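These notes concern the structure reproduced below.
The values are calculated or read from the model by the stated rules, or taken from the named source; none is laboratory data. Predicted model only: the values in this text are computed from it and were never measured. Heads up, the Cβs are rebuilt from the backbone with ideal geometry, glycines too, and the neighbour counts pull from every protein chain shown. In case anyone asks, the SASA skips ligands and DNA or RNA and just uses the protein heavy atoms, side chains included. Shrake-Rupley method; radii C 1.70, N 1.55, O 1.52, S 1.80 Å.
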Amino acid sequence: MAAPQRRTDIGPPHYKDFLPPVIQKNYGNWKYHEILEPGVMVHVANSGDKIWSVRVASPRLLSTDTLRDIADIAAKYCGGYLRFTTRNNIEFLVSDEKNLNPLKEELKKKGYMMGGIGPRVSNIVHTQGWIHCHSAASDASGLVKVLMDEFAEYFTKKELPNRVRLAVACCTNMCGAVHCSDIAIVAVHRKIPQIDHEKVPNMCEIPSTIAACPTGAISPDPAKKSVKIKEDKCMYCGNCFTVCPPMEIHDPEYDGVAIVAGGKVGNLRTPPKFSKLVVPFIKNNPPRWPEVVDAVKKILNAYEKGAMKHERVGEWIERIGWEKFFKVTGLPFTHQHIDDFLIARETFRTSAAFKW
Ligand code: SF4
Ligand code: SF4
């Protein structure tokens with residue numbers, strides 16, 4: 001007898017099964033959407049059906065208590081439907097208008113921060129940081145907390161020329177969307193791993209440790225039954241530490257963050273852009289990272305003051321030129337900003353003559 005058909009755990013369930021009934025019914029048949037408040041948006045279908053999204057910020061790393069609370073709120077007002085945006089905002093999806101105000105009241109009462117829709121700062125997408133990941137060169141939650149404390153008003157009410165997407169990645173592996181965010185922080189190690197030759201033979205598999213290095217900087221050291229690193233080739237990524245913990249990459253004196261700006265995913269007006277380096281290094285200064293907050297504030301303030309309506313940070317920088325960007329933000333221009341004199345024609349400085 002043939003074995004009975006059974007569901008396996010291979011592959012995710014189809015996303016359409018999780019859409020609220022209003023979206024399922026009107027799929028691909030929407031007329032317009034409108035931002036009603038900084039944290040409330042309505043989508044209207046050609047049929048006249050409506051669905052409201054109520055957005056709140058989340059710290060991304062959520063406790064089970066908070067998750068239960070969020071699920072209870074969604075069950076009470078949204079038939080259980082909510083979504084997390086790519087920036088980890090929580091959006092409660094309300095199909096029945098009479099639930100809209102009670103939901104907002106409850107969110108307010110419980111201290112959730114509503115906002116983030118439209119031309120303002122949205123939730124800061126970030127990675128694990130010291131709280132979880134082994135290769136982190138900085139904290140992520142801590143940085144995000146201090147930045148959001150500073151920029152909360154840009155989430156809840158104040159408007160900017162266009163949306164500003166912020167991101168934090170706690171090492172150059174960049175699990176966050178740092179490369180394509182308007183302003184982003186990427187944590188960096190700046191020293192080659194320190195090898196503990198006594199532990200390497202017992203704790204590490206040499207071939208996979210060598211294979212883990214993207215630049216081919218690691219080679220065997222047969223005399224020590226260990227490995228060695230060619231310093232010039234190392235880019236401090238920490239991949240080797242991931243597979244071989246006795247290759248310690250962390251160093252409190254040398255670890256910190258860089259800041260990049262001008263990236264975006266959207267292709268409205270101009271194609272998507274990669275972020276570019278604006279601050280090469282700021283040493284970690286927990287718990288409040290005042291120097292990082294100050295640098296981001298300088299960029300945001302200059303953008304708010306100088307950008308035209310609808311200009312994203314990258315578009316504003318390209319219009320005024322990088323020269324002026326460093327002038328209006330007051331950030332120092334350093335040799336680290338020059339990445340290639342000969343080949344990269346679209347980077348900041350490609351010849352000895354000033355281009356902008
Ligand atoms: S960005 Fe780096 S340190 Fe942060 S979670 Fe990803 S791999 Fe880990
Ligand atoms: S830190 Fe990265 S580049 Fe340097 S040796 Fe380790 S794997 Fe290679």
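Can you report the number of residues in region 231-255 which are within 16 Å of ligand 1 (Cβ to nearest atom) and open to solvent by 40 Å² or more (accessible area, probe 1.4 Å)?
10
In the list Glu291, Glu311, Glu318, which residue meets the criterion of being open to solvent by 10 Å² or more (accessible area, probe 1.4 Å) and closer than 19 Å to His179 by Cβ?
Result: Glu318 is the single residue among Glu291, Glu311, Glu318 that is open to solvent by 10 Å² or more (accessible area, probe 1.4 Å) and closer than 19 Å to His179 by Cβ.
Residues of region 121-147 being within 11 Å of ligand 1 (Cβ to nearest atom) and farther than 19 Å from His179 by Cα, which ones?
Scanning region 121-147 gives Trp130, Ile131, His132, Cys133, His134.
Please go through (1) assigned to a loop (DSSP other than H, G, I, E, B); (2) open to solvent by 60 Å² or more (accessible area, probe 1.4 Å); (3) near ligand 2 (Cβ under 10 Å from one of its atoms) for Gly216 and return the number of the only condition it doesn't satisfy.
Unmet for Gly216, out of (1) assigned to a loop (DSSP other than H, G, I, E, B); (2) open to solvent by 60 Å² or more (accessible area, probe 1.4 Å); (3) near ligand 2 (Cβ under 10 Å from one of its atoms): (2).
Find the residue count for region 60-73, including only residues that are open to solvent by 50 Å² or more (accessible area, probe 1.4 Å), touching a helix residue (DSSP H, G or I) at 6+ places or on another chain (Cβ under 9 Å) and under 16 Å from Phe92 (Cα atoms).
1
Out of everything in region 172-213 that is in a strand (DSSP E or B) and more than 16 Å from ligand 1 (Cβ to nearest atom), what residue ends up being surrounded by the fewest Cβ atoms within 10 Å (Cβ to Cβ)?
That would be Gln194.
Hey, which of the helices (runs of 4 or more DSSP H) in region 52-171, taking only ones fully inside, have at least 2 residues that are under 30 Å from Arg312 (Cβ atoms) and without any contact (Cβ under 8 Å) to a residue 12 or more places away in the chain?
Counting at least 2 such residues, we get 141-156.
Among the residues of region 87-117, which ones are closer than 30 Å to Met174 by Cα and open to solvent by 10 Å² or more (accessible area, probe 1.4 Å)?
Arg87, Asn88, Tyr112, Met113, Met114
Select, from Lys228, Lys305, Lys297, the only residue that is out of contact with any helix residue (DSSP H, G or I) (no Cβ under 9 Å at 6 or more places or on another chain), open to solvent by 10 Å² or more (accessible area, probe 1.4 Å) and not in a loop (DSSP other than H, G, I, E, B).
From the options Lys228, Lys305, Lys297, the qualifying one is Lys228.
Condition check: outside any loop (DSSP other than H, G, I, E, B) and within 16 Å of ligand 1 (Cβ to nearest atom). Does Ala258 satisfy that?
Yes, satisfied.
Conditions first: (1) open to solvent by 20 Å² or more (accessible area, probe 1.4 Å); (2) closer than 20 Å to Val121 by Cα; (3) not aromatic (Phe, Trp, Tyr). Ala167 passes all but one, so which condition is the exception?
Of the numbered conditions (1) open to solvent by 20 Å² or more (accessible area, probe 1.4 Å); (2) closer than 20 Å to Val121 by Cα; (3) not aromatic (Phe, Trp, Tyr), the odd one out for Ala167 is (1).
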